[in-house]
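Colleague: This is the structure I want to talk about, given as structure tokens.
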Amino acid sequence: MAAGVRELRRRIRGFKNTQQITKAMKMVAAAKLLKAQERATTARPYAEKIDAMLRRVLAAHGAAGGKLDGTGAVEALMVERPVNKVIYVVLTSDRGLSGSYNANIIRLAEAQVKERQGTPTASIVPVGRKAFDYFAKRHYDIVAKHVPVGDEATFAQAKQISSELTALYASGTADEVNLVYSEFVNAMTYRPTVSRLFPIGRPEGEAGERAAAPAGAEVDYIYEPSGPEVLNALLPRYVQVRVFRALLEARASEHGARMTAMGMATDNASEMIERLTLDMNRARQAAITREIAEIVGGAEALK
Amino acid sequence: MAPAGSGKIRLEVITPERVVLGEDTESIIVPGARGYMGVLPGHAPMVVNLKIGVVKFKQGGSYRRLSVSGGFFEVAEDKAVILAETAERGEEIDVNRAKAALERARKRLAARRDATVDAARAEASLQRAVTRLRAAGAAPEKVFGQAERERPEQE
């Protein structure tokens with residue numbers, strides 16, 4: 001049974017190699033996660049200020065009536081219209097080995113598409129290779145794509161995606177644009193989310209803000225060059241920030257998911273190695289015992 | 001934040017990538033969409049569109065500079081916030097890189113006649129490079145607004 005021992009030894013070596021890789025990937029993912037989290041944190045003040053500013057400008061201009069701007073360019077992005085075409089922007093990673101991260105997002109996106117099938121036709125804008133591969137293979141209507149997305153979200157990337165989506169919405173190619181991405185909760189938890197980008201709703205948290213500062217909100221601002229012009233410049237920026245935040249969340253989730261998945265793989269490998277080592281030792285013991293028995297038996301026979 | 005009436009105005013400069021600055025100042029000059037404008041403590045609430053340019057702010061009687069590339073400027077209650085796409089403090093600008101960028105932009109603009117170079121983008125990068133050099137103190141400071149007029153009309 002010496003062959004059994006050799007075989008076991010070979011398998012243990014194989015698991016050790018795998019473990020080395022998964023361990024390295026886990027560590028790399030941990031480092032990237034840290035960086036991604038930091039970027040998400042540093043991006044927050046800007047996002048909050050833009051939100052607050054947009055809320056204030058909208059309040060000052062009685063946006064409730066929808067009469068914002070003579071040109072109508074701004075209203076077009078905010079006013080709801082009958083939805084005939086929906087776009088789902090699906091943010092995944094480029095690479096796998098990240099547990100159920102991509103599968104969860106894709107499943108959510110597909111469920112959304114199926115749920116709304118019929119009246120509105122759905123198109124996909126994949127951001128990340130995994131999403132593109134999945135939806136392209138199944139012949140979904142892909143109107144734009146961003147592949148690969150890379151490991152790090154940049155504002156330039158967010159800008160490019162935003163301007164594309166804005167053009168799609170403004171041209172009437174879509175009547176609604178949704179972002180499907182993973183919200184980062186912590187390294188173990190990430191929540192697949194759908195959030196509407198167009199038409200632009202009022203920034204979140206508005207109700208609370210109103211209630212909190214009923215008088216303060218009425219401060220009269222001077223707008224330079226003019227309210228509508230400020231709003232015109234502000235809205236695209238707001239869209240970019242929304243996309244940027246989704247990208248940041250997606251990246252942080254990806255690295256978190258990969259770290260967890262690779263940590264688990266490393267643990268599983270350890271367990272397998274332990275079990276195989278035990279088997280190997282047992283097989284070796286058995287072989288030695290048998291050999292001794294044979295030698296003793298042989299010596300007996302010679303007597 | 002400086003309390004109201006203390007003669008100081010708090011300036012915060014924020015980009016999507018980071019918080020660039022948060023300091024008390026005596027006065028601020030920003031590149032508004034319709035020209036440079038100064039803000040002193042106690043200014044009325046205001047929101048201004050910014051274009052690419054140099055932000056100057058006074059501390060202890062002397063000016064410090066920042067380059068910003070577009071964005072918004074908000075003043076309320078002795079607090080001023082600049083939300084810029086990118087912003088750099090004068091002292092952290094890499095002058096050599098800015099000079100190289102300036103050269104590249106000039107070449108692209110010069111080549112515009114024969115090729116279909118994106119002129120608007122080249123103009124913008126030229127302007128950004130000049131602004132960064134000026135913020136770093138490595139280019140002569142022009143009278144406000146003059147630099148823009150030297151070049152073909154923007155937008």
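Colleague: For chain A, set up a GNM with springs between Cα atoms under 10 Å and report which of A:221, A:46, A:169 has the largest fluctuation.
Modeller: With Cα springs under 10 Å in chain A, the top fluctuation among A:221, A:46, A:169 is at A:221.
Colleague: Using alpha carbons only, how many degrees (0 to 90, rounded to 10) separate the axis of helix A:101-115 from the longest principal axis of chain A?
Modeller: 50
Colleague: How large is the dipole of region A:79-187 about the Cα centre if only Lys and Arg carry +1 and Asp and Glu carry -1, each at its Cβ, rounded to the nearest 20 debye?
Modeller: 280
Colleague: Using a 1.4 Å probe on the protein heavy atoms, what percent of the accessible area of the protein assembly as shown belongs to carbon and sulfur?
Modeller: Of all accessible area on the protein assembly as shown, carbon and sulfur atoms account for 54 percent.
Colleague: Quantify how strongly other chains surround peptide B:73-82 by giving the mean number of their Cβ atoms within 10 Å of each of its Cβ atoms.
Modeller: Partner Cβ neighbours, averaged per residue: 2.
Colleague: How do A:172-181, B:33-42 rank on mean C-beta neighbours within 10 Å, highest first?
Modeller: Going by the mean number of other Cβ atoms within 10 Å, highest first, we get A:172-181, B:33-42.
Colleague: Shifting gears a bit: Shielding of A:176-185 by partners, i.e. mean partner chain Cβ atoms within 10 Å per residue?
Modeller: 0
Colleague: By how many nm would the segment from residue A:17 to residue A:114 lengthen if fully extended, with 0.36 nm per residue of separation less the alpha-carbon distance?
Modeller: 30.7 nm
Colleague: List, largest first, the extents of the alpha carbons of chain A along their principal axes, each in whole Å.
Modeller: 116, 42, 30
Colleague: Moving on. Label region B:9-90 by shape, choosing from rounded, prolate and oblate, from the square roots a ≥ b ≥ c of the eigenvalues of the Cα gyration tensor; if a/c is under 1.5 it is rounded, and otherwise prolate applies when a/b is larger than b/c, oblate when it is not.
Modeller: rounded
Colleague: While we're here: When the dipole is taken about the Cα centre of the protein assembly as shown, and only Lys, Arg (+1) and Asp, Glu (-1) are charged at their Cβ, what size is it in debye, to the nearest 20?
Modeller: Dipole of the protein assembly as shown, to the nearest 20 debye: 1700 debye.
Colleague: Between region A:87-125 and region A:135-196, what is the C-alpha centre distance in whole Å?
Modeller: If you average the Cα positions of each part, the centres end up 10 Å apart.
Colleague: Among bridges DSSP assigns within the protein assembly as shown, what percent are antiparallel (round to 5)?
Modeller: If we restrict to bridges inside the protein assembly as shown, about 65 percent are antiparallel.
Colleague: Let me ask you something else. With each pseudo-label sitting 7 Å past Cα toward Cβ, what's the residue A:97-residue B:107 distance in nm, one decimal?
Modeller: According to this spin-label approximation, the distance is 4.0 nm.
Colleague: Can you pull the mean other chain C-beta count within 10 Å for peptide A:41-47?
Modeller: Per-residue shielding by partner chains comes out at 5.
Colleague: Also: Could you give the nm distance between label points at residue A:220 and residue A:286, where each point is 7 Å from its Cα heading toward the beta carbon?
Modeller: 9.4
Colleague: Would you mind checking the radius of gyration and Dmax of region A:230-277 based on alpha-carbon positions, in Å?
Modeller: For region A:230-277, the Cα radius of gyration and maximum Cα-Cα distance read 20.8, 70 Å.
Colleague: Here is a further query. Can you tell me the orientation of helix A:2-60 relative to chain A, as the angle in degrees between its alpha-carbon axis and the longest Cα principal axis, to the nearest 10?
Modeller: Compared with the principal axis, the helix lies near 10 degrees.
Colleague: Could I ask something else about it? Which residue fluctuates most in the GNM of chain A (Cα springs below 10 Å): A:96, A:14, A:150?
Modeller: Comparing A:96, A:14, A:150 in the GNM, the peak value goes to A:14.
Colleague: Helix A:155-170 sits at what angle to the longest principal axis of chain A, using alpha carbons and giving 0 to 90 degrees rounded to 10?
Modeller: The angle comes out near 60 degrees.
Colleague: Ignoring everything except DSSP H segments at least 4 long, calculate the 222 nm mean residue ellipticity for chain A; use -39,500 (n - 2.57) per segment, divide by total residues, nearest 500.
Modeller: -22000 deg cm²/dmol
The values are calculated or read from the model by the stated rules, or taken from the named source; none is laboratory data. All figures in this text were calculated on a predicted structure; none of them were measured in a lab. Neighbour counts run over all protein chains shown; Cβ positions are idealised from the backbone, glycine included. Just the protein is used for accessible areas: all its heavy atoms, side chains included, with ligands, DNA and RNA removed. Shrake-Rupley method; radii C 1.70, N 1.55, O 1.52, S 1.80 Å.
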